[in-house]
1. If you take every residue apart from residue 368 with its C-beta less than 12 Å away from the C-beta of residue 368, what net charge results, scoring Lys and Arg +1 and Asp and Glu -1?
2. Work out from phi, with θ = phi - 60° and the Karplus expression 6.51 cos²θ - 1.76 cosθ + 1.60, the ³J(HN,Hα) of each residue of the range 203-217, listed in order in whole Hz, and give x for Gly and Pro.
3. Just in the range 219-277: which GluC sites (Glu not before Pro) are loop by DSSP and have at most 10 other Cβ atoms within 10 Å?
4. Using amide H atoms built 1.01 Å from N in the peptide plane, name the residues 5+ places from residue 36, or on other chains, whose amide H lies under 5 Å from its own.
5. Once you keep just the Cα pairs under 8 angstrom separated by 6 or more residues, what percentage relative contact order results for the range 69-130?
6. Within straight cross-link reach of residue 448, meaning Cα distance under 16 Å, which aspartates and glutamates are found once same-chain residues fewer than 8 apart are removed?
7. Enumerate by residue number the GluC sites (Glu not before Pro) in the range 67-126 meeting two conditions: DSSP loop (anything except H, G, I, E, B), and at most 14 other Cβ atoms within 10 Å of the site's Cβ.
8. When the Karplus curve 6.51 cos²θ - 1.76 cosθ + 1.60 is applied with θ = phi - 60°, which whole-Hz ³J(HN,Hα) does each residue of the range 68-74 get, with x for Gly and Pro?
Amino acid sequence: MNVQHNRKKNLLVIDDDKIYCEAVKDYLSRDAVQVLTAFTAKDGLAFCEREPIDVVLLDQQLPDAEGSAICPAILKFNERIKIIFATAYPSFDNAIKALKAGAYDYLTKPFELDDLGLTVERAFRTAELEGIEQIQTYRREKEIEEAVLVGGPGLDETVRLIELAAASESPVLITGETGTGKTLAAQAVHYRSKLASFPFISINCAALPENLIEAELFGYDKGAFTGAVTAKKGIFEMAEGGTLFLDEIGEMPLHLQAKLLSTIEEKTLKRLGGESFRRVNVRIIAATGVDLEKSLGQTFRKDLYYRLSVIRIHLPPLRERRQDIQPLCATLLKRMGYRHAVLSDVEQQKLMRYDWPGNVRELKNILERAVILQHGTELRPSLLVETPASTVSAPAASTGIAGASDELLTTLEEMEKSYIQKALRTLSGNLTQTAKALGISLSTLKRKIKEYGLK
């Protein structure tokens, strides 16, 4: 299916006055708007059935029906269609009847085309905003659904602290190695709190250049710097009433830490280049993958650290909660849509012997690659990870090694060549998709293909 990008907005005029229809069409047609005309209710409904209509300009008195009578049929095709009634026989009863039938607005003929244009433009904008709201609602519902830390006893204390944090509005500091799920933990706190219906906005402090992070956080006024032709809100103001998640807080420049501390304590901020302070009401959750205590008084302010760590949540690495790997695999495969994938008990034991330096993120990546590269419902993701030396016996002949399970394994070189071949076949030779599936760069894949003589 081809997706239409930047499609025109469609206005359908249903009116038996052909001169009126042509006048409206001439006035409102432009590059971004297509005006369609129908002279009967039947023809108008046919348009609604086969075209993506955004706004309908509907006459009340049609040759084959009353406008208000066909409103439900129009909305049945698309409940977001905005219906504007236009009638030469206005009355209070007709207006009430039209609004009850689902009309967006009601105009009395004759009217100025400029007034009609403003009404139609407002209807288009309302439909667009409703579409954006639906997308945001869907995303929020998915985030709420997925904001669950999966595990067993290894996460009991973490889950308890998340519940405590959700019942409070105090700042939270989340610590843990990369890939342990710090963002997921922050979302879990937010969506379990009374702020759940308000924004959750995240920013990675390590991903922004030092000269941009202040403008991103606090916003700027017009003329604050070269190129600031208009004022812009920062993410503090965008997160008003909700939660601001500051990931990799340890990477924040020292000179901005004082401003962040002041904003948290005073609940006010000053935009870059601004003269006045603005009130903000935002809950702060910060996260770091490094030991901030070692940086206190050097690259990180002590007072900010103590202000952020009112509630501290630590996410243990996966190697310290190996018993959680089985439920994690089941949940991750389900979320990725692979409900029928199976991991044998032997396979799960192999996964539990691996140290997982990339933690849950690495586990998810390995499972996804296994699904792509391996055939059948029974997966063997352990073939895609390096087996720890402690679980493998001494090397045998160069043709293979004997593992702990007495299973003959091929050399790493042969295994790599085999999986690259499988990936290329599975993805029809598409190098970009194959490199992504294997978790390597395109240049590395091309080098491997040349090295192994693959085509």
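Bear in mind that the values in this text are calculations on the coordinates, not laboratory data. Predicted model, so just to flag it, every value in this text is computed and none were measured. Using ideal geometry, Cβ is built from the backbone for each residue, glycine included, and neighbour counts are taken over all protein chains shown.
1. Here the charged neighbours net out to +4.
2. Result, ordered by residue: 9, 9, 5, 7, 8, 9, x, 4, 7, 10, 5, 5, 5, 5, 6 Hz.
3. For GluC sites (Glu not before Pro) across the range 219-277 that sit outside H, G, I, E and B with at most 10 neighbouring Cβ atoms in 10 Å, the list reads 275.
4. Hits under the 5 Å cutoff: 11, 12, 13.
5. Dividing the mean separation by the residue count of the range 69-130 yields 38 percent.
6. Leaving aside aspartates and glutamates fewer than 8 places away in the same chain, those within reach of residue 448 are 413, 414, 416.
7. For GluC sites (Glu not before Pro) across the range 67-126 that sit outside H, G, I, E and B with at most 14 neighbouring Cβ atoms in 10 Å, the list reads 79, 112.
8. 5, 6, 9, 4, x, 5, 5
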